[in-house]
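To keep things clear, I will list the structure first and then write my remarks on it.
The values are calculated or read from the model by the stated rules, or taken from the named source; none is laboratory data. Fair warning: this is a prediction, and the values are worked out from it, not measured in the lab. Note that we place each Cβ from the backbone using ideal geometry, even for glycine, and neighbour counts take in every protein chain shown. In case anyone asks, the SASA skips ligands and DNA or RNA and just uses the protein heavy atoms, side chains included. Shrake-Rupley method; radii C 1.70, N 1.55, O 1.52, S 1.80 Å.
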Amino acid sequence: MNATTDAAVFAHGLTKRFGSFVAVDHLELSIARGEVMGFIGPNGAGKSTTIRMFCGLIPPSDGQATVAGFDVGTQSQAVREHIGYMSQKFSLYGDLTVLENLRFFGGIYRVPQSKLAERLTFALSMAGLQGREHALVATLAGGWKQRLALGCAILHRPPVLFLDEPTSGVEPQARRQFWDLIHQLAGEGVTILVSTHYMDEAEYCNRIALIDRGRLVAIGSPGELRNHGLGGVLLEVTAQPLGAARSALLNVPGIVEAAVFGDKLHVLVGPGGPDAQAISAQLLARGLQVGPIHAVTPSLEDVFVRLVSREQETREAA
Amino acid sequence: MNAVANETAVQVQALSKHFGAVSAVRGVQFSVERGEIFGLVGPDGAGKTTTMRMLAGVLQPDAGSIRIDGVDVVQETEAAKLHLSYMPQRFGLYEDLTIAENIFFYAELFGIDRRQRVQRSKELLSAAGLIGFERRLAGQLSGGMKQKLGLVCALIHTPRVLLLDEPTTGVDPVSRRDFWAILYNLRETGVTILMATAYMDEAERCSRLALFHEGEIRYCDTPARLKAAMPGTLLAVTTSQPRGLRDLLKGQPGVLGVLLMGDRVHVRVDDAVRRIPEIQALLNARQWSDAQIAEAEPGIEDVFVALLGEQSA
């Protein structure tokens, strides 16, 4: 065991280079036992590369990481025995039954024969698949498949679980059942890292780590990121025509961003920027129609887009 | 509002389709005004894509009628295709052709003459932020750029109705925002947009939504009115004991639904005025003094689950 930390997943200065390209750049991360951590970032941000290092599939170029107490570089076999992985594609065999899929994965994860029956029962009951043991997987609806995939991923009772966009395209009710299961596992002490770029999945995580171009940009609970992530106040502005209102506002000093949202604008006002009254006056002076203007709680997507563009502006300026 | 209001761009009546014994679409009807962004929302398998394909004239309905821009899609399919454009989930880009060559190919397909093509593609490339990339191979573009190129190709013949099937699946939030900015600009030029999506946050951006469930449209209205129609009130309770709170609230009188989020619990109650003090009393009895109760704005997913309830489990 590694003595550096009690964290279930820990990274210090974790770096991965492919030739001259730095995919993961001195990442610092610590996930407590039983925590559900969201890992979000644009495509190519380094999410998959980081998870592949955590899974012991590729060695870090620099820095260190431990998963369930094992070093991912030097103890990768032990790491792999202590993790479960579930991808958005589920990797199930459609022409096998539910039970056959579970047995197959039990073999892959080398669940001892003496424990297999008990583990299969556990996975079936957790996934709510009792009575469907002999159904062909291809005939199951998305939500069932997803719960079966989760059942397969935890057959060997791993203390750490990696989920890659787990609920893409699953219907809302099934998605909620799935997250209920995830929180139940977390309650039993399983540590879960969810990689996604869908903000509604991020809302279910205890904390969210936002990464861009291999670096950690922000970390906090959904509430912390929503309340403090933007660095300004978000106003919802009703005006017509919308396009002209947006162009006008983008030229007003103190307005950081104006984006069309449905039939309204979401306007981000920086410190010392104009208030609702001043914005209304600006629009009226240009002959535009103005409706109600009021502050709104930013969505995680608002925060994400803002932090990523700020990061990119900073880098371009540097 | 838009210069040309109250002009019906899409009219669908009693549309049905089955595949063997499976009834994929049943009696679907709706109409869309010019300049709307109309969302077809629902889980995989709810009938969105089948409906889209019938609207696009690539799949023959068993029954029902579709008019796009006044043209009957079922009877006059080829004529209708000049008025519409369809971007399926996997848009057919040629990966070994450049951006410019892909656009040229689609322009030829629609018989656009050279002069028109040059001007139109310049406008569209600029709107999509793809100027300067014309000679890049489509296969070397990021997911977001591919989607934008697909959109440029789909718009080359200046269609009046655009049909998009899950256009931003797999596209990250920053690119998704760019994509939406393009859609809003199109809308201002009078293009009508129909979009199928399984993502509820995306649905919020549409002017109106049709909630699909098992091949039928169950509800159809603006996002704001759908939220107002949600039975009960949504409360957000923040606490350091979210799991314990969830278990405590399940089955309490007046509690219609409890959902454990990352750092709070969402509780849907029948009557907020009556239930907030009751919940507060429960919290006080447990001495969970850090808990805070506030009304929360429901998302479209909350509405979907509340309206369709356990039947979608």
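Side notes on the structure shown:
- Here the Karplus curve 6.51 cos²θ - 1.76 cosθ + 1.60, taken at θ = phi - 60°, turns the phi angles of the range B:293-302 into couplings of 10, 9, 6, 10, 6, x, x, 4, 5, 4 Hz, with x standing for Gly and Pro.
- Taking only the alpha carbons of the range A:179-226, we obtain Rg and Dmax values of 11.5, 34 Å in that order.
- Inter-part distance where the range A:118-166 and the range B:278-292 are each reduced to a Cα centre, Å: 36
- Residue-normalised accessible area of the range B:242-310, expressed per residue, 1.4 Å probe, Å²: 47
- In terms of its Cα atoms, the range B:1-154 spans 47, 38, 29 Å along the principal axes, sorted from long to short.
- The count of lysine pairs in the range A:9-220 that are at least 8 places apart or cross chains, and whose C-alpha atoms lie under 27 Å apart, stands at 6.
- Alpha carbon centroid spacing (whole Å) that separates the range A:8-44 from the range A:255-270: 31
- The H on the amide N of residue B:215, modeled in the peptide plane, is under 5 Å from the matching H of B:47, each at least 5 residues off or on a different chain.
- Radius of gyration (Cα atoms) of the range A:84-187, expressed as a multiple of 2.2 N^0.38 Å: 0.97.
- Tail beyond 20 Å, pair distance distribution of the range B:140-270 (Cα, percent): 60
- Within chain A: Cβ-based charge dipole about Cα centre, in debye rounded to nearest 20 (Lys, Arg +1; Asp, Glu -1): 520
- In sequence order, calculated HN-Hα J values of the range A:96-106 (Karplus, 6.51, -1.76, 1.60; Hz; x Gly/Pro): 10, 7, 3, 5, 4, 4, 4, 4, 4, 5, x
- A convex hull fitted around the alpha carbon atoms of the range B:212-313 yields 99 Å³ per residue.
- Three-way shape label, chain B, alpha-carbon gyration tensor, a/c 1.5: prolate
- Comparing B:31, B:170, B:157 along the charge dipole axis of chain B, the residue lying farthest to the positive side is B:157, per the Cβ-charge model.
- Chain A: Rg to Rh, with Rh as the Kirkwood radius over Cα pairs: 1.07
- Top of B:65, B:289, B:85 by mean-square fluctuation, Gaussian network on chain B, Cα under 10 Å: B:289
- Note on residue B:19: accessible area approximately 90 square angstrom, rounded to 10, probe 1.4 Å, nucleic acids and ligands left out.
- The residue A:77 and residue B:243 beta-carbon pair, evaluated with R₀ = 30 Å, returns a calculated FRET efficiency of approximately 0.35.
- Note on chain B: with a GNM built from Cα contacts shorter than 10 Å, the maximum mean-square fluctuation among B:143, B:92, B:257 falls on B:92.
- Ranking A:44, A:122, A:20 by Cα position along the charge dipole of chain A, where only Lys, Arg, Asp and Glu carry charges on their C-beta atoms, puts A:122 farthest toward the positive end.
- Shape descriptor for the range A:231-297: Rg over Rh equals 0.90 (Cα atoms; Rh from the Kirkwood inverse mean 1/r).
- Cα convex hull volume per residue for the protein assembly as shown (Å³): 184
- Descending semi-axes in whole angstrom, ellipsoid equivalent of the range A:189-265, from the Cα gyration tensor: 32, 14, 11
- Comparing B:276, B:66, B:217 in a Gaussian network model of chain B, where Cα atoms under 10 Å apart are tied by springs, the biggest mean-square fluctuation is seen for B:276.
- Applying 1/(1 + (r/R0)^6) with r as the Cβ-Cβ distance of residue B:286 and residue A:12 and R0 = 25 angstrom yields a FRET efficiency of 0.05.
- Within chain A, longest stretch free of exposed GluC sites (Glu not before Pro) [DSSP loop, at most 14 other beta carbons within 10 Å]: A:1-132
- Under a 5 Å amide H cut-off, with hydrogens placed 1.01 Å from N, residue A:205 pairs with B:262 among residues at least 5 apart or on other chains.
- Coupling constants for the range A:285-294 follow from the phi torsions by the Karplus curve (6.51 cos²θ - 1.76 cosθ + 1.60, θ = phi - 60°), and in residue order they are 4, 9, x, 8, 7, 10, x, x, 10, 8 Hz; glycine and proline get x.
- The relative contact order of the range A:9-220 comes to 32 percent, based on Cα pairs under 8 Å that sit 6 or more residues apart.
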